[in-house]
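> Just passing along the structure, written as structure tokens.
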Amino acid sequence: MPFQEMVEAEGHLIDSHIMESIFDKVVEYNGRFEVEQFRIGRTNSEPSYLRLKVEAPDDLSMARLLQALLELGCAPVEAGDAELSEVPRDKCAPEDFYSTTNHRTYVRAGGKWVEVENQRMDAMIVVANGRAACRRLRDLRQGDRIVVGLRGIRVTPEAKERDRLAFAFMSNGISSERQVETAVRQTAALVRQTIEQRQKVIAVAGPVVVHTGGVTGLAALIRNRSVHAVLSGNALGVHDVEAALFGTSLGVRLADGRQEEHGHRNHMRAINAIYHAGSVRQAVESGCLRSGVLYECVKAGAPFVLAGSLRDDGPLPDTITDMNAAQDAYAAALKGAGLVICLGSMLHSIATGNMLPSWVKIVCVDINPAVATKVSDRGTGQAVGVVADVGMFLDLLAKALA
């Protein structure tokens, strides 16, 4: 094979099955490999090192192979500085731009390796004044210098570390054959660890939190400072306010599960009440709203973000209907997050996962196993699925952290 490259990787290559993934990827792209050097880490903290000669039948195959290997943390040895190209006009990247993963990334600039800031997937890397940062396509400005090609880039996938607190069920994937109590204990321990490390715990919640009776549990977590922000859509806000004001959710009484007479209009009455008050915060301050998830957020000073959609009723005055603005608000709330707990909301969970670097842990709770699977399949590989009723999970978690 006429095209050869020397590549290297470093980290917990064996424990995390990265090395076998590298070998498999070379074969998948019709290439060949030869191990030039391998050093195995002998302690929990010592990384392993792999140096590999890879061969491909043509230039295009080699380029595709290097791109695939880069995502596994395997980069060319003789890379030099990252190649930079200027953005010709706002929101328009050069054709050969480098698209980021959610893994920790470094670029070589001025002979030095620089860690990329604001790491997230599907972004470009802008280099300026000796620093590098991820930037979305819509935020590129004419004259920005961004990384192109594959040279001078190192990606470090999150590794399975033998001495870190980890979920006992993480190795088992997503399964309904798992004790919810065990998952709750593990999650509670992770919440405590996150807070001890002065990082934030974020809840991404769908309206199912209200339907399953999970408001009491989530409200207690916010009140006890175990959850520091809530990200959701208009539906959670509307049903949460409806439950607080009228004791119903979509017109169904939460106390006994029976349909309230004329209850179908209660969600619109809830929206109307918030408009009369001016906003959720003003409804709390005026005494109109006296319980619920949003009430506890206001009282605890925990930010909440409600992202709008095409099907929203109302929406509430606090709901952000500009999708770009809603994305920005989500990203701002996620700054400093160490743990994200997703509760019965597939679309918001996937969106949040796309904004997070791979070292932020995610617990995805849903009665449908396919939800957690879809979150992982869309690039958020660190997500751990818990198949459970959301209301029951929140109740048990609040008691475990009380």
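The values are calculated or read from the model by the stated rules, or taken from the named source; none is laboratory data. Note that the structure is predicted; figures quoted are calculated from it, not measured. Using ideal geometry, Cβ is built from the backbone for each residue, glycine included, and neighbour counts are taken over all protein chains shown.
> Which members of the range 31-56 meet the condition of being in a loop (DSSP other than H, G, I, E, B) and under 22 Å from residue 67 (Cβ atoms)?
31 - this is the single residue of the range 31-56 that is in a loop (DSSP other than H, G, I, E, B) and under 22 Å from residue 67 (Cβ atoms).
> Taking only the range 61-85 into account, find how many residues are in contact with an Asp or Glu (Cβ under 7 Å, 6 or more places away or on another chain) and farther than 27 Å from residue 382 by Cβ.
Looking only at that region, the number is 2.
> Could we say that residue 119 is touching a Lys or Arg at 6+ places or on another chain (Cβ under 7 Å) and either under 24 Å from residue 332 (Cα atoms) or in the same structural domain as residue 330 (by TED's automatic domain parsing) (or both) here?
Yes: the conditions hold for residue 119.
> Give 306, 310, 347 a once-over and let me know the one that is touching a strand residue (DSSP E or B) at 6+ places or on another chain (Cβ under 7 Å) and farther than 23 Å from residue 196 by Cβ.
The unique qualifying residue is 306.
> Let me ask you something else. Can you confirm whether residue 83 is assigned by TED's automatic domain parsing to the domain that holds residue 111 and in contact with a Lys or Arg (Cβ under 9 Å, 6 or more places away or on another chain)?
For residue 83, the condition - assigned by TED's automatic domain parsing to the domain that holds residue 111 and in contact with a Lys or Arg (Cβ under 9 Å, 6 or more places away or on another chain) - is met.
> Being farther than 26 Å from residue 145 by Cα, touching a Ser or Thr at 6+ places or on another chain (Cβ under 9 Å) and surrounded by 13 or more Cβ atoms within 10 Å (Cβ to Cβ) is the requirement here; does residue 41 meet it?
Taking the combined requirement at face value, the residue satisfies it.
> Hey, which of the strands (runs of 3 or more DSSP E) in the range 71-166, taking only ones fully inside, have at least 1 residues that are polar (S, T, N, Q), farther than 20 Å from residue 359 by Cα and modelled with pLDDT of 95 or more?
Once the strands (runs of 3 or more DSSP E) in the range 71-166 are filtered for at least 1 residues that are polar (S, T, N, Q), farther than 20 Å from residue 359 by Cα and modelled with pLDDT of 95 or more, what remains is 83-86.
> Only one of these is touching a residue at least 40 places away in the same chain (Cβ under 8 Å), touching a strand residue (DSSP E or B) at 6+ places or on another chain (Cβ under 9 Å), among the hydrophobic types (A, V, I, L, M, F, W, C) and buried (at least 21 other Cβ atoms within 10 Å of the Cβ): 398, 383. Name it.
Matching residue, one of 398, 383: 383.
> If you take the residues of the range 361-402 that are of a type in the set (A, V, I, L, M, F, W, C) and assigned to a strand (DSSP E or B), which of them is farthest from the chain's Cα centre (by Cα)?
Result: 387.
> Also, quick follow-up: Residues 83, 8, 95, 34: which one is under 24 Å from residue 132 (Cβ atoms), in contact with a strand residue (DSSP E or B) (Cβ under 9 Å, 6 or more places away or on another chain) and without any contact (Cβ under 8 Å) to a residue 24 or more places away in the chain?
Checking each option against the conditions leaves just 95.
> For the range 180-190, check the following and say yes or no: at least one residue is of a type in the set (Ser, Thr, Tyr) and either closer than 20 Å to residue 371 by Cα or surrounded by fewer than 20 Cβ atoms within 10 Å (Cβ to Cβ) (or both).
Yes - at least one qualifying residue is present in the range 180-190.
> Let me ask something additional. How many residues are among the hydroxyl-bearing types (Ser, Thr, Tyr) and touching a residue at least 24 places away in the same chain (Cβ under 8 Å) if we restrict to the range 233-270?
The number of residues fulfilling the criteria is 1.
> A follow-up question, please. When you check residue 349 against the structure, is it of a type in the set (Gly, Ala, Ser), crowded, with 21+ Cβ neighbours inside 10 Å, outside any strand (DSSP E or B) and in contact (Cβ under 8 Å) with a residue 60 or more places away in the chain, yes or no?
Considered against the rule, which asks whether it is of a type in the set (Gly, Ala, Ser), crowded, with 21+ Cβ neighbours inside 10 Å, outside any strand (DSSP E or B) and in contact (Cβ under 8 Å) with a residue 60 or more places away in the chain, residue 349 comes out as yes.
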